[in-house]
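Enquirer: Below you'll find the structure I mean.
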Amino acid sequence: MSKSLLSINDLSKQEILDLIEFAKNFKNDDGSFKKENLFPDKTVANVFCEPSTRTKSSFEIAAKNLGCSVIGFDASSSSIEKGESIYETIDALGLMGVDLCVLRHPESVIRELNEYMPEMIFVNGGEGSISHPTQALIDLMTIIDNKGSIDDLNIVIVGDLDHSRVTSSFVEGISNFSFNSLTFCGHPSMCSKYLDPALGKYEPDLDLAVQDADVIITLRIQYERFEEELNLDLDDYKHAYELTSERVEQARGDVIVMHPGPVNYIEISESVYQSDNSVIRNQVANGVAIRMAVLARYLSS
Ligand code: CP
């Protein structure tokens, strides 16, 4: 295992499965998480230069559950606001004794930082539109939890795929497994990266895409990443791309519906979010378990 987790491609299929199995050990039967004082001498910094609820909080809870000290670094009230670069910022944290940095950043800076600071362990907490490896581990874990395995599944991803680091890391991660089909669905202006049949099938019609689906992953429109104003009639968009109960009925009876969050109720209806098919809250909880497994593995190596 390399010193840092920068991309899901850093992990072999066996390492992915081992991390998912390891994560299960941190969950109690009642859904709570084990608290084990395994790393009392380690310090984790959560450096988030973009907003986050799930990733930031779950890394913090995970690190505390493992006995680490945690710095909840707030970029907006740091010296980054005074013009300091991310390199000097993280170098300063390293000099203060931080062992592992969870970094969320709008740009691709994590690889250079990882080379520049050989003593610091980095875990990618979200890199622009490029990657979000721990979310991919959560999503694979949630599918395996609910379906037993990934083999033979029909998987659909619908929404703003072009801006979605969740999609790119999921596609990289799932390429290790023998699923039956992977279908990309969404407005043509949001799916231009997913037209290559080598990746999967692009089906712009959601009613057709969900036929026989075992897993449907829904994604919000990432308004914050559009460089030009999005000229889109939201009613038309919802009509075409909202996952509704009627559409879920077209999928397999035991289909699971996923969403990495945050949910906007444009891409998915409230009734689907709350339905028995939805495992979205399960994904959030798996976030703590996966991040405990990732932190424990990388702090030990
Ligand atoms: N899924 C995800 O990364 O959520 P947050 O932006 O809330 O961390």
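Enquirer: How far is the Cα center of region 1-56 from the Cα center of region 188-236, in Å?
Expert: 29
Enquirer: Hey, could you grab the Kirkwood Rh for the chain? Inverse mean 1/r over distinct alpha carbon pairs, Å, one decimal. Present the calculation step by step, with values, prior to reporting the outcome.
Expert: Values: mean 1/r = 0.0505 Å⁻¹.
Every distinct Cα pair counted, the radius reaches 19.8 Å.
Enquirer: Would you calculate a helix-derived [θ] at 222 nm for the chain, using -39,500 (n - 2.57) for each DSSP H run of n ≥ 4 and dividing by the full residue count, to the nearest 500?
Expert: -10500 deg cm²/dmol
Enquirer: Once you keep just the Cα pairs under 8 angstrom separated by 6 or more residues, what percentage relative contact order results for the chain? Before the final figure, lay out each step's value.
Expert: Values: 554 pairs, mean separation 61.3, N = 301.
Computed value for the chain: 20 percent relative contact order.
Enquirer: Still on this model: Please list the equivalent ellipsoid semi-axes of region 137-186, computed as the square roots of five times the alpha-carbon gyration tensor eigenvalues, in descending order and whole angstrom.
Expert: Numbers: eigenvalues 66, 29, 18 Å².
Equivalent ellipsoid of region 137-186: 18, 12, 10 Å, largest first.
Enquirer: Of the listed pairs Lys34/Lys193; Lys147/Lys238; Lys34/Lys147; Lys3/Lys56; Lys13/Lys56; Lys34/Lys201, which have alpha-carbon separations greater than 31 Å here?
Expert: From the list (Lys34/Lys193; Lys147/Lys238; Lys34/Lys147; Lys3/Lys56; Lys13/Lys56; Lys34/Lys201), the Cα-Cα distance tops 31 Å for Lys34/Lys193; Lys34/Lys201.
Enquirer: If you rank Glu36, Glu127 by fewest surrounding Cβ atoms within 10 Å, what's the result? Let's see the in-between values first.
Expert: On the way: Glu36 13, Glu127 24.
Going from least to most buried by this count: Glu36, Glu127.
Enquirer: Taking 1 over the mean of 1/r across every pair of different Cα atoms in region 133-279, what Kirkwood radius in Å do you get? Numbers along the way, then the final one.
Expert: Details: mean 1/r = 0.0660 Å⁻¹.
Hydrodynamic radius (Kirkwood, Cα pairs) of region 133-279 is 15.2 Å.
Enquirer: If the elastic network links every pair of Cα atoms under 10 Å, which of His187, His239, His163 fluctuates the most in the Gaussian network model of the chain?
Expert: His239
Enquirer: Then there's this: At a 10 Å Cβ-Cβ cut-off, how would you order Val98, Val166, fewest neighbours first? Could the numbers behind the result be given before it?
Expert: On the way: Val98 22, Val166 27.
Fewest to most other Cβ atoms nearby, the residues stand as Val98, Val166.
All of the numbers you see were taken from the coordinates with simple rules; none came from a lab. Nothing here was measured: the structure is a model prediction, and the numbers come from that model. Cβ atoms come from the backbone with ideal geometry, glycine included; neighbour counts cover every protein chain shown.
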